[in-house]
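Remarks on the structure that follows.
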Amino acid sequence: MRPLNEMREVVIGGVGITKWGFYENAEWYDFGSEAILAALKNAEMEWKDIQAAFCGSVYQGTGSGHQAIKEIGLTGIPIVNVENACSSCASAFRLAYQMVAAEIYDIVLAVGMEKMPRGPIPSTAFRPWELKLGFNVQPANYANIAVQYMKKTGATIEDFSMVTVKNRRHGALNPNARFQKPVTLEEVMNSRLVATPLRLLHCCPLADGAAAFILCSKNKLKSKYKVITVAASTLTSGIYGEGYPPADLIPSLKYPPAMSLTELSAKQAYEVAGCGPADINVVQAYDTMAPAELWDLEELGFCKPGEAPHLLREGVFDLNGKIPVNTDGGLMSRGHPLGATAGGQIYEIVLQLRGQAGPRQVKDAKVGLAHAMGAGPNSAVTILKC
Amino acid sequence: MTKEGKMIIPLTEGLYTLPSSPYEKPQLIGSKCINCEELFFPKKEKRLCIHCQQMTLEEVKLSRQGKIASFTIVLQPPAGGFYHGPVPYAYGYVDLPEGVRVETQFTGDFNALEIGGDVELVIEKLYEDAEGNEFVTYKFKLLKEQE
Ligand SMILES: [Zn+2]
């Protein structure tokens, strides 16, 4: 196995995103193709320059990427559809990156897009007997992790609420987010109880949306933006013995893993990128539920286990903090179109490194990290550098 | 089993033993690997151990008592229309002394639940259908609340 960092350098050719929210009169192929065209324009490239396409989505069914690309025009290139739950777009991005790194293609498209099903969505991770016992409520799955985290670290429900408050404050500065209105601590603490101790505003909202990326070799780069290199793009899909209730995984008491899935994917990413958590200037962590951002930051190595709530209160994860986290508002503000979510995270890192993040710009951001988790389970870590 | 002509039906077959006398108590049925000693609940249908990949799983009856690892009171009805029990309900994990974690509902006073609390297995109604047939399941209940 040849290490990817010994292969050809891969850079961001261009990026595109749509407004995330609910599209009542458009399908995924409408806003998916819109994101692709935006990325193409941003890359200052022609459609015929694209040599392969990896298309992430979860609920759109067979040939979903083909449907989006048909809106622009079929050109005979290979189109591969990627379903990897909430890591789908990061997985598509990774495949595109590998293709360019391995010199199989020079210019490759990665897109994530999702029109979320309306109404309740039954999880496919649970067996029939578990569905009959009501084990498939995602906030309840997270609540079980959250209460153990509280017991272990002394974190409080107020700490969890502060994550929502911070991310919604950041989201108010993101014109593409579904929610652009900040919330107060009282609003979060008084929102409807879903599964004790978690309330409605501890859960990320759903949304429709798309994000697209053109990855290329450095010699094919056309745009005059700051050059951004893909320093790492890792994916780990489950390890024996780790509990992950949203994916119906119960921890092994006899054979617990040496490290968590997130720790493993982060370790691999830091190794490939040749850097560590101390070198990262901006982070998009996985805040599908508010408390998850806290243990995510710990497992990504930004602080010691149990330290995140304290650092959050100190403002370390604010826009002007030492380690700004979820600068675009995270899943809490963007909303969660499953197949596109990881793309929203990577898009924000690109804007921050290019210095194009406007009112939410982090000063002198040179290295950024995005982490997407998901049922499966999957853990995808992307590190970009400029 | 009948009660005034109504049926008492296990929600799912094969998760626990059905006592043949009033002196016998139900037990959860799991799998144990005779190669690596890993334990699983529920019982795996195949003999393949997903820890050591050997065809070495055997059926085992699990301890009736354990400790609460975590729990939550769920106030939102589960999606999909598969769940017909009451809402709110208490859902979480119990660690059994032989070294296996079990996903379960809890019964009894939800306010008395605590991590580390000692619980025991009970078989209890989850819901009744329109004809009055009772669908029963395993649950765990705090020992201090057992009669
Ligand atoms: Zn084994």
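Worth a mention:
- Which of A:Gln67, A:Ser217, B:Leu121, positive extreme of dipole for the protein assembly as shown (C-beta unit charges): A:Ser217
- Hull volume per residue, based on the alpha-carbon atoms of segment A:4-114 and their convex hull, is 99 Å³.
- The packing ranking of peptides A:309-320, A:330-341, highest mean first, is A:330-341, A:309-320, where packing means the average number of other beta carbon atoms within 10 angstrom of each residue.
- Cross-link partners for A:Lys218 among the lysines, with Cα-Cα distance under 16 Å and sequence neighbours closer than 8 places in the same chain left out: A:Lys226, A:Lys385.
- Accessible area expressed per residue, chain A, with surrounding protein chains retained (probe 1.4 Å, Å²): 37 Å²
- Rounded to the nearest 20, the Cβ-based charge dipole of segment A:4-114 about its Cα centre (Lys and Arg +1, Asp and Glu -1) stands at 60 debye.
- Summarising the overall dimensions of chain B from its C-alpha atoms, the Rg and Dmax are 16.4, 49 angstrom.
- Probe 1.4 Å, protein heavy atoms only - accessible area per residue of segment B:38-80 in square angstrom: 53 Å²
- Computed with every protein chain present, the accessible area of B:His84 is close to 100 Å² [probe 1.4 Å].
- Volume in Å³ per residue [convex hull over Cα atoms, computed for the protein assembly as shown]: 159 Å³
- 0 to 90° range, to nearest 10: angle between helix A:261-273 axis and chain A longest Cα axis: 40 degrees
- Largest GNM mean-square fluctuation among A:Arg127, A:Arg199, A:Arg360, using chain A with Cα springs under 10 Å: A:Arg127.
- The distance separating the Cα centre of segment A:1-45 from that of segment A:198-212 comes to 20 Å.
- Degrees separating the helix A:28-43 axis from the principal Cα axis of chain A, which is the longest one: 60 degrees
- Alpha carbon Rg of segment A:75-179, scaled by the compact-globule rule 2.2 N^0.38 Å: 1.52
- Gyration tensor (alpha-carbon) shape descriptor, segment B:16-74, a/c threshold 1.5: oblate
- Placing +1 on the Cβ of every Lys and Arg and -1 on the Cβ of every Asp and Glu, with nothing else charged, gives the protein assembly as shown a dipole about its Cα centre of roughly 1120 debye.
- Per residue convex hull volume, Cα atoms of segment A:4-55, in Å³: 114 Å³
- Per the Kirkwood formula applied to alpha carbons, segment A:240-370 shows a radius of gyration over Rh ratio, Rg over Rh, of 0.97.
- Qualifying GluC sites (Glu not before Pro) in segment B:1-109, where qualification requires a DSSP coil assignment and no more than 16 other C-beta atoms within 10 Å, comprise B:Glu4, B:Glu13, B:Glu24, B:Glu37, B:Glu45, B:Glu98.
- In a reduced charge model with +1 at each Lys and Arg Cβ and -1 at each Asp and Glu Cβ, segment A:216-364 shows a dipole moment near 840 debye about its Cα centre.
- Segment A:168-295, accessible surface, carbon-and-sulfur percent (1.4 angstrom probe): 56 percent
- Cα Rg, Dmax (largest Cα-Cα span) when computed across segment B:64-146, Å: 13.1, 41
- Shown for segment A:157-204: residues covered by the partner protein chains by 50 Å² or more of accessible area relative to the chain by itself (probe radius 1.4 Å), namely A:Val194, A:Thr196.
The values are calculated or read from the model by the stated rules, or taken from the named source; none is laboratory data. Remember, predicted model here, so these are calculated numbers, not experimental data. Reconstructed Cβ throughout: ideal geometry from the backbone, glycine too, with neighbour counts over all protein chains shown. Calculation scope for accessible area: heavy atoms of the full protein, side chains included, ligands and nucleic acids excluded. Shrake-Rupley method; radii C 1.70, N 1.55, O 1.52, S 1.80 Å.
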